[in-house]
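Working notes for the structure below.
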Amino acid sequence: MEIRYFKRTETEQLQNAIHTIWSPNHILSRNEQLLNYMFYENPGKHHWVETEYYSFLGAWKDNKIIGLLGVMPFEVNNKGVAGIGCSLTNWIVPPEYRSTGAGYALFHTVKERNPELILSLGINSTVTKLYKKMGWNILQDVPRWIGVVNKPITIEKMLNGNERPLRYWNELKTIPSNSDYHISDLVEEEWDRFYEQFFAPKTIGFARNYQFIKWRYINHPIFEYKILTCKDSHNHIMGIAIIRIESLLNIGEKIGRIVEFIAADQDSSICLANAVAGLARDCLFLDFYCFSSISTWGLEAIGFKRILESENDSVVVPTRFQPIDLTITNMMAAFSVQPDIKNKINLAEESCFYITKGDSDQDRPN
């Protein structure tokens, strides 16, 4: 059995394997541009493979592909100290080949890089059992904040007229600000200075430097992200919010996806939250997935609520919209961290993990 990364010259072979092994007509099997963006143009790829390779692993037996594992490499931020990490995608070995050990061999190839943080976001209950056996940390329900913009239409079109799940939700209400903070454009040097001096030293996760933002959001080949940078009266950056408006063609409505929300103080948090609400005035609601509430103060101030986990009251608004699926209303995750990161976590304090949907393939076209 051979385990190795796909070469750039094997694009067709990789896409065919995704189609036949992972899912028929999957977006990565249909859209070479998106495949290249995620696994070839990724700026963290040089930590894993040479230039001529995708960061996408395959398992071959008798010249046949019997397993896949996509690797999205990232720079890890460990409270200001840089390291390497990755998100895993498309990890699969068909049932008839699982006795070959291909699944473990694929994962072992990733572990050989000794990453400080490995993330698997959007997993299902079956895969969760495997991660538990491997000793990973499991999040059964990734924290999700929801801000309702148009409550009646959300109830009508998202919840089949059932208003009970949103009985304690009010529509977002922006807050007047007495500060002279304002929304401005993103500038590379200014952002990296703010990130490295303010946010990186107090958080753990994948780095949010300009290189990441440029690749993940500005250069995305399909989605359009709105980037809101907050500055004070001296034109110093005080935070950032990044949002994507998604059109739900099957119901003729829009929703907003917040993928980054970082603020230095109350004024910047309110300034950014107000600006996000303004961008999404034509949406039904907005949501924000983040492992930690470290950056959500401003969102909560204008009316966002974190979903409360409850077995008998689980539906708020769905997570899958095309088509709308009310049977799945949460997102599960698993992650593995090296001891150096574990030792920096004080469980008595607010979680310092800043992990969002931007750290995986969960915010991508279907």
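Data table
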item: Note, ³J(HN,Hα) from phi for segment 214-230, Karplus 6.51, -1.76, 1.60, rounded to Hz, x at Gly and Pro; result: 5, 5, 6, 10, 5, 9, 4, x, 10, 7, 10, 9, 9, 10, 10, 10, 9
item: Table column - 3J(HN,Hα) (Hz), segment 142-151, Karplus curve with 6.51, -1.76, 1.60, x for Gly and Pro; result: 4, x, 9, 9, 10, x, 8, 9, 10, 5
item: Alpha-carbon centroid distance for the pair segment 124-188 / segment 17-53, whole angstrom; result: 29
item: Given Lys64/Lys214; Lys45/Lys173; Lys45/Lys226; Lys132/Lys226; Lys79/Lys157, the pairs whose alpha carbons are separated by over 32 Å; result: Lys64/Lys214; Lys45/Lys173; Lys132/Lys226; Lys79/Lys157
item: Residues in segment 73-106 reached by a label modelled at Asn219 [backbone nitrogen below 16 Å; 7 Å Cα→Cβ]; result: 73-75
item: The chain: calculated mean residue ellipticity at 222 nm from DSSP helix runs of at least 4, using -39500 (n - 2.57); result: -5500 deg cm²/dmol
item: Selection of GluC sites (Glu not before Pro), segment 210-295, meeting DSSP coil and at most 10 other Cβ within 10 Å; result: Glu224
item: Placed amide H near Arg364: partners under 5 Å, 5+ positions off or other chain; result: none
item: Projected label distance in nm at Glu41 and Glu189, using a 7 Å step from Cα toward the beta-carbon; result: 2.6
item: Neighbour cut-off at most 16 other Cβ (10 Å), DSSP loop, trypsin sites (Lys or Arg not before Pro), segment 50-125; result: Lys79, Arg113
item: Added length on full extension, which subtracts the Cα-Cα distance from 0.36 nm per residue, Leu308 to Tyr104; result: 69.9 nm
item: Per DSSP, loop chymotrypsin sites (Phe, Trp or Tyr not before Pro) in segment 1-38 with at most 15 further Cβ within 10 Å; result: none
item: Accessible area per residue, Å², segment 1-116 with all protein chains present, probe 1.4 Å; result: 45
item: Nearest-0.05 FRET efficiency for Val81 and Thr126, computed from C-beta distance (R0 51 Å); result: 0.90
item: Length-normalised contact order for the chain - Cα pairs under 8 Å, 6+ apart - percent; result: 20
item: Nonlocal amide H pairs with Asn90, under 5 Å, H built at 1.01 Å; result: Gly70
item: Karplus-derived 3J(HN,Hα), 6.51/-1.76/1.60, for each residue of segment 293-305, Hz, glycine and proline x; result: 8, 4, 10, 9, 4, x, 5, 5, 5, 9, x, 5, 10
item: Stokes-Einstein D for segment 16-159, Kirkwood Rh over Cα pairs, 25 °C, 0.890 mPa s (µm²/s); result: 141
item: Degrees separating the helix 102-111 axis from the principal Cα axis of the chain, which is the longest one; result: 60
item: Projected label distance in nm at Tyr168 and Met1, using a 7 Å step from Cα toward the beta-carbon; result: 4.9
item: Segment Asn235-Leu249, length gained on full extension (0.36 nm per residue, minus Cα span); result: 1.1 nm
item: Interchain or long-range residues, amide H under 5 Å from Val259's placed H; result: Ile242, Ile243, Arg244
item: Rg over Rh, two decimals, the chain (C-alpha only, Kirkwood Rh); result: 0.96
item: Binned Cα-Cα distance frequencies in segment 181-287 - 10 Å width, integer %; result: 14, 45, 32, 8, 1
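The values are calculated or read from the model by the stated rules, or taken from the named source; none is laboratory data. Since the structure is predicted, the reported quantities are computational estimates derived from the model, not experimental observations. Glycine gets a Cβ as well: all are built from the backbone with ideal geometry, and neighbour counts include every protein chain shown. Side chains are part of the model used for accessible areas, which takes the heavy atoms of the whole protein and leaves out ligands, DNA and RNA. Shrake-Rupley method; radii C 1.70, N 1.55, O 1.52, S 1.80 Å.
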